Amino acid sequence: MNPKQSKTDCVFCKIASGEIPSKILYRDEDVFVFPDINPLTPVHLLVVSMKHIPSLAYMADADTPLVGKMVAVANKVAREQGLADKGYRLTINSGADAGQLVPHLHMHLMGGRRLRWEH
Ligand code: 5GP
Ligand code: ZN
């Protein structure tokens, strides 16, 4: 992942603008949600900031409410997906060691089966 990648080359900015079509499940002025193209679990959605922030490591203090809102939106969508009582996982990969591939802040919302915890 290249944190210096420009917004114009960013796949998630292109999905936000509609240049790359995707099935948007939720959208507001700050956050949008769509299915991961390579789902690892029965429900695997991406909760993405409208603002291009390369990773969690690059968020400013002023972005704290935005990250809180991403969690709130993830919870709302998880409930809509029937996961609220079954359980689900929110994951943010930040940087190479975490396996971050797309340098635009996003949260994975995963569930729909019992998840493993192996590292
Ligand atoms: P990361 O590894 O950066 O945390 O996760 C990036 C995720 O974005 C991966 O799970 C990958 O499958 C997904 N992804 C990458 N490109 C696209 C795309 O063009 N469309 C969608 N829907 N997902 C994508
Ligand atoms: Zn972007």
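The values are calculated or read from the model by the stated rules, or taken from the named source; none is laboratory data. Nothing here was measured: the structure is a model prediction, and the numbers come from that model. Ideal geometry is used to build each Cβ from the backbone, glycine not excepted, and the neighbour counts take in all protein chains shown.
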Only one of (1) touching a helix residue (DSSP H, G or I) at 6+ places or on another chain (Cβ under 8 Å); (2) near ligand 1 (Cβ under 10 Å from one of its atoms) does not apply to Tyr88, and that is (2)
Review point. Quick check: is even one residue across region 15-37 over 15 Å from His104 (Cα atoms), touching a Phe, Trp or Tyr at 6+ places or on another chain (Cβ under 9 Å), polar (S, T, N, Q) and surrounded by 14 or more Cβ atoms within 10 Å (Cβ to Cβ)?
Key: yes
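For (1) surrounded by 14 or more Cβ atoms within 10 Å (Cβ to Cβ); (2) modelled with pLDDT of 95 or more; (3) within 19 Å of His104 (Cβ to Cβ), each residue gets a yes or a no:
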| site | (1), (2), (3) |
| --- | --- |
| Thr41 | yes, yes, no |
| Ser49 | yes, yes, yes |
| Ser55 | yes, yes, yes |
| Met59 | yes, yes, yes |
| Pro65 | no, yes, yes |
| Asn75 | yes, yes, no |
| Ala84 | no, yes, no |
Hey, Thr8 loosely packed, with under 12 Cβ neighbours inside 10 Å and either more than 29 Å from Trp117 (Cβ to Cβ) or modelled with pLDDT of 95 or more (or both) or not
yes
Screening Tyr88, Tyr26 for residues that are aromatic (Phe, Trp, Tyr) and touching a Gly at 6+ places or on another chain (Cβ under 9 Å) leaves only Tyr88
**Q.** Test: Asp28 is under 28 Å from His119 (Cβ atoms) and out of contact with any Pro (no Cβ under 6 Å at 6 or more places or on another chain)
**A.** no
Over region 43-79, the set of residues charged (D, E, K, R) and farther than 19 Å from Ser22 by Cα is Asp61, Asp63, Lys69, Lys76, Arg79
Screening Pro54, Pro3, Pro21, Pro39 for residues that are more than 23 Å from Ala96 (Cα to Cα) and out of contact with any strand residue (DSSP E or B) (no Cβ under 8 Å at 6 or more places or on another chain) leaves only Pro21
